[in-house]
Each structure stands twice: as structure tokens, then as C-alpha cells.
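Working notes, structure below.
The values are calculated or read from the model by the stated rules, or taken from the named source; none is laboratory data. What you are looking at is a predicted structure, and each value in this text was computed from that prediction instead of being measured. Don't worry about glycine lacking a Cβ; one is built from the backbone with ideal geometry, like all the others, and counts go over all protein chains shown.
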Amino acid sequence: MNAIAVTDLHGNTLLYELLLRIADTWKISSIFLMGDLAPGALEMAGTSELEQLDAVASQRTYFERVFIPLFEAFLARHRHTHVYAITGNDDRRANEPLLRDLSLGVGNFHLVNDRMVELRESKQVRAFFPAAVPQLAVVGYPYVPLGGGLVMDWVKHENRAGLVPPGMDPCMSIEASGVLSAPRVSESTIADDLQDLPSYLRRHGAGEICDYDPARTIHLFHAPPYNTPLDQVPPQGSYDFVRLPDHIGSYEIRRFIERTQPYLVLCGHCHEAVVLGDYRTNVGATCCVNPGSQTHIDVLSVVQFDVFEPSEMKQFFIHAR
């Protein structure tokens, strides 16, 4: 049980500190963070009113003063522990360079937004026992489909049909639907990106040079696959007599999983799914996991598993106080 996965900690420092204590105590080799790393502006304690109105500045302050120093200190003492992270729809893209700098400066922190890297534990074990374990990689894809949020940095249409959820103006562009903290890189859809993922990764600077093989790759998605136990939300009622969905994941991500059958999928975004649905499910032969999030009550929802035997998993709810 050499890996742990958590998601949507939303800048809860107590939970980050607990996570790293667990990684130390359990001798964890791989930590996976599936997005929504920073707090929203109004979740910041000790900031001025002006800073709270500026979400980009608030999140930058959190990354600079809390998140980055915390992980730098931990990873300096734990050279054989590696962190693999993506951002989420609540993380402002304007601050992504801070995490990229952390990834470049600290050899065991890996920001894998639109990138692919080797799973270091796999590489280390294979150096001594090349036939014992598969050579694994990690790929990250932070985008989510349109929903109720106003931060559009990591939001894309599912496909060229351009369908939008009930309650949103179908004639309104993504840029006009909410807030962008940085220029949009491309107008591609989730379907476009995932149709040929190796080409997409090459266009975005795939990271390390390694061959993409879904059967040997752990995929980090912020959005869970649609209509599974992992994307279930509380009943939302109706909007203008149209029943709002109880599942808010990505159907293009689900189609991608059904088509390519990746080695393992780790996701987040839907906090309540862990209690309304489940923390894991199979899509075809692929095990998909959403640890869920209970930051509002200072509880860490963590999944512990063996990266070489993904079916071997345990779910824990651990209170930080």
C-alpha cells in the first residue's frame, strides 16, 4: 500500500499537514493530488478585505506562504516520496507558473497538467528488479465540463455540439460565462483533447520523453466519469421545469476510459460522491477512484493503494483535530 490519493483540499492547511504526516508515518512513496489545491478568496483567513476580493492574489499568497513551503520542506526530507498534482476548476490559472516553478525546482514534485511523467517508484523498483513491476507513467488533465462555477480557467465544452447545462445561456461563450484569470490557450473541447491524447500532450509540451500507453498509465482527471458513483451530487431540483442532473461528471472522459481502458483513473471535483455513491467503481476493466472531500469538517478523505496492484485499496476518513 505504497500510494495515497486525495482531492479538493481547497487550501485547508490542517488537512495538508495531516496528509504529509500520514505520508511520513505510512512510508508513502507516491502522493496524488487531483486538483482544487488552493482556497477560494473568501476561504482565506487573515487576509485583508481587498485581498479577499482578489481571488488570484489570495491564492497566490496561499501558494507562496503555505503550500509551496510546506511541500518543499517535506520533500527535502523525503527524497523517495514523489507528489503528482493537477489543478482544479477553482484554482486560478494565473498562478499555475508558481506550481510549475515548484515542479522544476523540486525534483520530487510533479505538476502534470497536460503532461506525462514517469512514475518514479516504478522506475526505482525496476532499476533493481526489472521484471517485477510494469514501467508506469502518470498523465494529468485538469479540465472539467461546463457547470455552475464562475471560474472558467479549467472549463471546456464537452464536444463540438456545445451543449450547456440547464440554466446557462446556450448562446454565451465560455469567456462570457464567467471569470478567466489568464488567456485561454486553445478553443479545443474535451473530446478533441482526448481523441488523440498523445498528440495533445506533444502540443502542450508533454514533459518527459516517454511513450504513451494507456494500459501502463495512471490518469489524473479533476472531473470524474459521467453517470457513475464518482460524480453523484445531491438532488438539485428543477430549473424552469427541467430536472437538473444528479450526476455532473464528464461523459467524454467516460468515453475515453471506455475506449482506451487506462491502467488506473484518479479524479475528484464531486465532494459528496464518496458518501452519496462510492469512492471507487469500474468502467469496463479500469478502476476509477474519487476519494471525495470533507474539508468543511476538517476530515481528510484519503485512499491508500498499491500502484502495482490497483485493486488493492482502502478508504480512510481521518479527522485533523
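What to note about this one:
- Flag if residue 318 is aliphatic (A, V, I, L, M), over 18 Å from residue 3 (Cβ atoms) and surrounded by fewer than 24 Cβ atoms within 10 Å (Cβ to Cβ): no
A quick yes/no check of all residues on (1) free of Cβ contacts under 8 Å to residues at least 12 places away in the same chain; (2) closer than 11 Å to residue 228 by Cβ:
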residue: 272; (1), (2): no, no
residue: 278; (1), (2): no, yes
residue: 287; (1), (2): no, no
residue: 302; (1), (2): no, no
residue: 309; (1), (2): yes, no
residue: 312; (1), (2): no, no
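- For the stretch 154-178, residues that are assigned to a loop (DSSP other than H, G, I, E, B) and modelled with pLDDT under 70 total 12.
- Test: residue in the stretch 122-134 that is hydrophobic (A, V, I, L, M, F, W, C) and closer than 25 Å to residue 180 by Cβ: no
- Residue match in the stretch 296-308 (condition: acidic (Asp, Glu) and under 23 Å from residue 90 (Cα atoms)): yes
- Test: residue 181 is assigned to a loop (DSSP other than H, G, I, E, B), at pLDDT below 80 and among the polar types (S, T, N, Q): no
- Strands (runs of 3 or more DSSP E) (entirely within the stretch 1-105) containing at least 1 residues that are modelled with pLDDT under 95, surrounded by 18 or more Cβ atoms within 10 Å (Cβ to Cβ) and out of contact with any Lys or Arg (no Cβ under 9 Å at 6 or more places or on another chain): none
- Every pair of residues 6+ apart whose Cβ atoms lie under 8 Å, when the first sits in the stretch 101-120 and is over 12 Å from residue 85 (Cβ atoms) while the second is part of a loop (DSSP other than H, G, I, E, B) and of a type in the set (Asp, Glu): 116/208; 118/208
- Being crowded, with 20+ Cβ neighbours inside 10 Å and of a type in the set (Ser, Thr, Tyr) holds for only one residue in 286, 281, and it is 286.
- For residue 132, the test of being among the small types (Gly, Ala, Ser) and either modelled with pLDDT of 95 or more or surrounded by 21 or more Cβ atoms within 10 Å (Cβ to Cβ) (or both) is failed.
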